[in-house]
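*Asks:* Structure in structure tokens, see below.
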Amino acid sequence: MEKISANTNALNWFEIPVTDTARAKKFYETIFDLKMDTQEMMGMEMTFFPRDAQSANGKVSGALVKGPMHQPAAAGALVYLNAHPAIQTVIDKIEKAGGKTTLPKTLISQEIGYMAIFTDTEGNRMALHARN
């Protein structure tokens, strides 16, 4: 079995299932104050988080995906999205954008920072992480 090296992320891509691409795109663009692009790929509608597709820089990215194999869920793997520089700024936008905060800003430790858990407009359980 090949080991993951210290210079390699254990995670390199994530997909968040959606049933309404426009609604989900608006939600994530609103809470993270970013612009996302949508494309049809492999029979799916994919809306991409910002990424540097030309570089093997080790940064993780992902997409909102509407397709027959992608069903939103409140159980299963929990993806932590980067809420840098201040987690509360993102949390404050969740309910206004149609989501629900289920675990408010919670200190993990001084070294690690804070986490929060929310449900997005599609019913997915998601998490946030930031140092502040």
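*Asks:* Using modelled amide H (1.01 Å from N, peptide plane; none on Pro or chain starts), what sits under 5 Å from the amide H of residue 15, excluding residues fewer than 5 places away?
*Replies:* 63
*Asks:* What ³J(HN,Hα) values, in whole Hz, does the Karplus curve 6.51 cos²θ - 1.76 cosθ + 1.60 give for the range 97-111 when θ = phi - 60°, with x put for Gly and Pro?
*Replies:* Using θ = phi - 60°, the values come out as 8, x, x, 9, 7, 10, 9, x, 3, 9, 6, 7, 6, 4, 6 Hz.
*Asks:* Indicate the gyration tensor shape class of the range 7-47 (rounded, prolate or oblate), computed on the Cα atoms with a ≥ b ≥ c the square roots of the eigenvalues: a/c under 1.5 is rounded; otherwise a/b larger than b/c is prolate and the rest oblate. Walk me through the numbers on the way to the answer.
*Replies:* Values: a/c = 2.23, a/b = 1.28, b/c = 1.73.
It is oblate, given that a/c is not under 1.5 and a/b is not larger than b/c.
*Asks:* Sticking with this structure for a sec: Could you give me the percent of Cα pairs per 5 Å distance bin for the chain, shortest bin first, beginning at zero and ending with the bin that holds the maximum distance?
*Replies:* Taking every Cα pair in the chain, the percentages come to 2, 10, 18, 22, 21, 15, 9, 3, 1, 0.
*Asks:* With a ≥ b ≥ c taken as the square roots of the eigenvalues of the C-alpha gyration tensor of the range 64-103, please select rounded if a/c is under 1.5 and otherwise prolate if a/b is larger than b/c or oblate if it is not?
*Replies:* Prolate, because a/c is 1.5 or more and a/b exceeds b/c.
*Asks:* Also: Could you please state, rounded to a whole Å, how far the C-alpha centre of the range 29-43 is from the C-alpha centre of the range 66-111?
*Replies:* Centre-to-centre (Cα) distance: 17 Å.
Here, each number is a calculation from the coordinates, and none is a lab measurement. Since the structure is predicted, the reported quantities are computational estimates derived from the model, not experimental observations.
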